[in-house]
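Data first, discussion second: the structure below is written as structure tokens.
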Amino acid sequence: MSSKDDQFSPGRVHPGVQTMQDQLLRGKCSRREFLRTVTLLGLSAPAAYGLAGRLLGEKLVPPAVTPAHAQSGGLLRFGMFVQEMTDPATFDWVERSVVARHIVEYMTLTGPDNVTRPYLAERWQPSDDLKTWRFFLRKGIKWSNGDDFNADDVVFNFTRWCDPKTGSSNLGLFSAMLEDTGQNDSAGKPIKRMTPGAVRKVDDHTVEIRLNSPVLSIPENLYNYPTAIVHRNFERDGGDLSKNPVGTGPYMLDLFKLGEVAVLKKRPEPYWGGDVSLDEIRIIDLGADEGATLAALASGQIDSMYELKLTTVEAAKNIPNVSIQQVATAKTGVIRMNLAHKPFDDKRVRRAIQMCCDSDRQLKIAHKGFGIVGEHVHVASIHPEYFKLPKFNQDIEGAKKLLAKAGYPNGLSVSCNVGNTDGTWEQDSIAVLKQDAAKAGIDISINVMPSAKYWDEWATAPFSLTSWTHRPLGTMVLSLAYRAGVPWNETSYNNPAFDRALTAAEGVFDVEKRRAKMEKVEQILQDDAIMVQPFFRSVFVAVSNRVRNFSIHPTLYHRFHNVRVG
């Protein structure tokens, strides 16, 4: 056996676990950071919680994420948009995955506690340098068509994600598996493809991932909502999950009407992950009227909804027998500038607009104070790798001077798109920026667009607000949104120094060293002034008291395996 294979021997513990123990005992990392990191390094969640408890002298019990002692029966009626559900690899709305995640499943599962656990994978082991990862798949799992789940399925999915023809945002997450082709697409962005040998089948239930640079978050990346594992014949069988819903999950798709209803019913055969309570999950599309959704909850037509919008939180508090759950998240609105368009190709202009922002005022007015102040770097203080930069203060006089140097001594007029795709707080955020920017001579006209029209233009518009969902790591969203050439790079940002700094930060498990590297990442992004990103949002869900075991997830990855009604 080679020394490399020794690193994947059963029972071997990654040396980084000892480093994290030392840091926890010395108070250099929090319990949350310890749990998250050692589980990524291959320690099981129960073992991680037990180890942390012994080190801290506490009794720590991990929350249940898989079914246990399920009570049979029950119908859950859930208010949510019923959107197109064709190809999980190209999902760009979390709602699509809420239906799909009960049919097709993920290699891993990141719970509301931000700890990542094995799921279709029974366990994983990284090499000491975090450049090679082996995933050991569970045996005995059957697809709903009777086929065995095996390594061929996983290799197929990785290969597909990393094929630029698929158009999957997963290209950004798994950039360490890619190489440049030397070609650009029609928009001038570099085309990347999978490095030969980056994924291989070791045996029927073992898959090896080989990276060009170390990455700690690979298991976490595998619970990003477009990484659901589809059957190896997915494309051959039509490539449409809504029409051919073959999966490993506990539910089958009984009815799907776009914009109306999706019905999931429990599969008759035993579920590999343990029995689930609900016999049926009925997703009901009530449209965009937030009041109609709240009325449906109050009248008992639905039991819960995808998200309780900010404008209806106070009204929901007055509904009898309804509970409200709230969680701080890294969901945010990014008022971004596309560097391929004038005047945003001039950093002085971008910086001037950024300097007009008063983030504290933004949070207070646009999101009623529910959230966390941002620093224009798209990394939140709840992210474990966050480095606190010096406070970014509004500077109207400084903005005026920069505009004059950029050739706009008499001010500047720009138009900003907004689709209110996640609520009217988006428009409110731009309105606050408009008020502040006017003090520096910048006139921002607000172009309110229908949601569908907004998304037609989101990646190419010169100036707009985009709502980004929560990710457990700042490095995950930075890789998705700001690396050169990735599909969701809506700013046309291309800074090799940023890419290098982000790559360096991704591969470090030591908390102190990772934060030190993130200082450079965040500073580059803030200095390049490609966005105004003033706050991160708390989110809310309202749930009937008839519903048991419902727990809000910061990414709104609703998963009803443990839920029962009655």
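Per-structure values
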{"read-out": "Length gained when the stretch ARG546-LYS453 is fully extended (0.36 nm per residue, less Cα-Cα span)", "value": "29.6 nm"}
{"read-out": "Under 30 Å from the Cα of LYS28 - lysines, other chains or at least 8 residues apart", "value": "LYS59, LYS131, LYS331, LYS388, LYS391, LYS513, LYS517, LYS520"}
{"read-out": "Relative contact order (%) - criterion: Cα under 8 Å, at least six apart; region: the chain", "value": "20 percent"}
{"read-out": "Partners for LYS201 among aspartates and glutamates (Cα-Cα distance below 15 Å; same-chain residues under 8 apart left out)", "value": "ASP5, ASP152, ASP153"}
{"read-out": "FRET efficiency, ASN212 to GLU235 (Cβ-Cβ, R0 45 Å, nearest 0.05)", "value": "0.95"}
{"read-out": "Reachable aspartates and glutamates, given that their alpha-carbon falls under 20 Å from the alpha-carbon of LYS317 and they are not under 8 places away in the same chain", "value": "ASP289, GLU290, ASP303, GLU307"}
{"read-out": "Peptides ranked, highest mean first, by Cβ atoms within 10 Å: ranges 217-229, 189-201", "value": "217-229, 189-201"}
{"read-out": "Magnitude of the charge dipole, region 306-401, Cβ model with Lys/Arg +1 and Asp/Glu -1, debye to 20", "value": "260 debye"}
{"read-out": "J(HN,Hα) series, region 133-138, from Karplus relation 6.51 cos²θ - 1.76 cosθ + 1.60, nearest Hz, glycine and proline x", "value": "10, 10, 10, 9, 7, 5"}
{"read-out": "Interchain or long-range residues, amide H under 5 Å from TYR106's placed H", "value": "LEU120, ILE229"}
{"read-out": "Trypsin sites (Lys or Arg not before Pro) restricted to DSSP loop in region 210-285 with at most 14 other C-beta within 10 Å", "value": "ARG236, LYS243"}
{"read-out": "Charge dipole of the chain about the Cα centre (unit charges at C-beta), most positive-ward option of PHE463, SER538, TYR271", "value": "SER538"}
{"read-out": "Simple Cβ-charge dipole of the chain, Lys/Arg +1 and Asp/Glu -1, about Cα centre, in debye nearest 20", "value": "1060 debye"}
{"read-out": "Nearest-0.05 FRET efficiency for ILE365 and LYS401, computed from C-beta distance (R0 25 Å)", "value": "0.40"}
{"read-out": "Backbone N within region 195-234 under 19 Å of label point (7 Å from ASP129 Cα along the Cβ vector)", "value": "195-200, 208-218"}
{"read-out": "Average Cα contact separation per residue, region 380-536, under 8 Å, 6 or more apart, as relative contact order %", "value": "23 percent"}
{"read-out": "Nonlocal amide H pairs with LEU412, under 5 Å, H built at 1.01 Å", "value": "ILE442, ASP443"}
{"read-out": "Linear extension gain, LYS317 paired with ALA47, 0.36 nm per residue minus alpha-carbon span", "value": "93.3 nm"}
{"read-out": "Estimated [θ] at 222 nm from DSSP helical runs (n ≥ 4, -39500 (n - 2.57)) normalised by residues in the chain, nearest 500", "value": "-8000 deg cm²/dmol"}
{"read-out": "Spin-label model distance (nm) - GLU260 vs ASP148, 7 Å beyond Cα toward Cβ", "value": "4.2 nm"}
{"read-out": "Solvent-accessible area per residue, Å², over the chain with all protein chains present [probe radius 1.4 Å]", "value": "38 Å²"}
{"read-out": "Those residues of region 354-383 whose amide nitrogen sits under 19 Å from the label point placed on ASN393, 7 Å along Cα→Cβ", "value": "354-363, 373-376"}
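The values are calculated or read from the model by the stated rules, or taken from the named source; none is laboratory data. Values in this document were obtained by computation on a predicted structure and should not be read as measured data. Cβ atoms come from the backbone with ideal geometry, glycine included; neighbour counts cover every protein chain shown. All accessible areas refer to the heavy atoms of the entire protein, side chains included, with ligands and DNA or RNA removed. Shrake-Rupley method; radii C 1.70, N 1.55, O 1.52, S 1.80 Å.
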